[in-house]
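Peer 1: Take a look at the following structure, please.
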Amino acid sequence: MRFSLPYTAATDRGRPHNISLKLRDMNQLFNSMDPSPFIEKDLDDDAEEFIVSWAQEFPFNAPLKLRIYLDQWPAEDPKELIRMAVHNHFAHGAQITDLEFKRLLRQGRTSLLIGLLFLALVYCSAGCCWVVRRALGLRSCERALRLPDGSPCGGRCKSIFTIGGPSCDGAGFMPS
């Protein structure tokens, strides 16, 4: 299988870019291990990689023309058969990619919803803690929070209680 470079000079708007393949025979274009009927066969991996890599070199919406040159021409005219097989192969690939993208978007939306619910839960629970502290008359951070060694937090609680309500002043007391 020989691949030739596509015509890369600037083309007029609307004129297709050419990608050329030179093959010995028509069977070289398709995967020989695929038992499907000819129109539904997968393309050979090397041929598909060549076509896709050159198609990516051109602008996204630019029209493309695939030219296939055969050294051994079959008895029947293979143009329409090859056209349909190549079209079916890439259309099926596009459908699979579209389904994977939709599944990825659904997973992203689910993750976003879980994250937002968790954030709302944390925010609400911090607010509830502040309300409970006020209802119990715990005005001093020293009485409300102690470090693991049993000592009062002092001015360090200022950054801890800023989520749900007013923060402590530097001495560890709630402002009135």
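Read the figures in this text as sums done on the coordinates, not as results from a lab. The model shown is predicted, which means the values in this text are computed figures rather than measured ones. Positions of Cβ are generated from backbone atoms using ideal geometry, with glycine treated the same way; all protein chains shown enter the neighbour counts.
Peer 1: Report the FRET efficiency, 1/(1 + (r/R0)^6), for ILE96 and ARG67, where r is their Cβ-Cβ distance and R0 is 30 Å, rounded to 0.05.
Peer 2: The calculated FRET efficiency here is 0.70.
Peer 1: Identify, among HIS87, ILE114, THR97, the residue whose Cα sits farthest towards the positive end of the charge dipole of region 77-142, taking +1 on the Cβ of Lys and Arg and -1 on the Cβ of Asp and Glu, with the dipole about the Cα centre.
Peer 2: ILE114
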